[in-house]
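Accompanying notes for the structure given below.
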Amino acid sequence: MIELELLAIGALLLVCIAIQAFTLTALQRRFPAIEVWLARHQSFTSDVLIVYVVIVAVVGMHVAQACVWGAFYRYVVGIDSIRDSFYHSILALTTMDDGSGVLPDRWRMLGPAEGLTGWMVFSWSTAWTFMFLTALRDARKPASSGSGKGG
């Protein structure tokens, strides 16, 4: 039955990657509109608002990923309640738990696989968020009047 478990791991990983790619690409494509909005709203509050919206979208993306794993745990693996399956999924995705004692032996590799998935998607989100904040900072820099070199 290891083949079924590996197939499930691969499918769950692909779904999480799809959620991640869709969300971050959608946010990235909105950046030109964000730059226009920022040009019209030159305030600390507008900067905080943009960062807040982006961070909420990123957190929502990770909650969606945990829900995918949690639904699998509930409806395929057979964890008793949706609350317990979601709780376990959050712990596994954040690498705080590996599923020992929660998952049946047949599915015990799902916990570490979800932890690896979490490590990958959180790293990707961190890198993307850093890129976004750098672009936000660059959008706020005043245009330089010269090349910066003496003549």
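The values are calculated or read from the model by the stated rules, or taken from the named source; none is laboratory data. What you are looking at is a predicted structure, and each value in this text was computed from that prediction instead of being measured. In this analysis, Cβ positions are derived from the backbone assuming ideal geometry, glycine residues included, and neighbour counts consider all displayed protein chains.
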Given the criterion part of a loop (DSSP other than H, G, I, E, B) and within 21 Å of the chain's Cα centre (by Cα), identify the matching residue among M96, M61.
M96
Scan of region 34-58 for residues that are over 13 Å from L136 (Cβ atoms), of a type outside the set (V, I, T) and in a helix (DSSP H, G or I), ordered by number:
R40, A57
Are any residues in region 1-55 of a type in the set (K, R) and modelled with pLDDT of 95 or more, and if so, which ones?
none
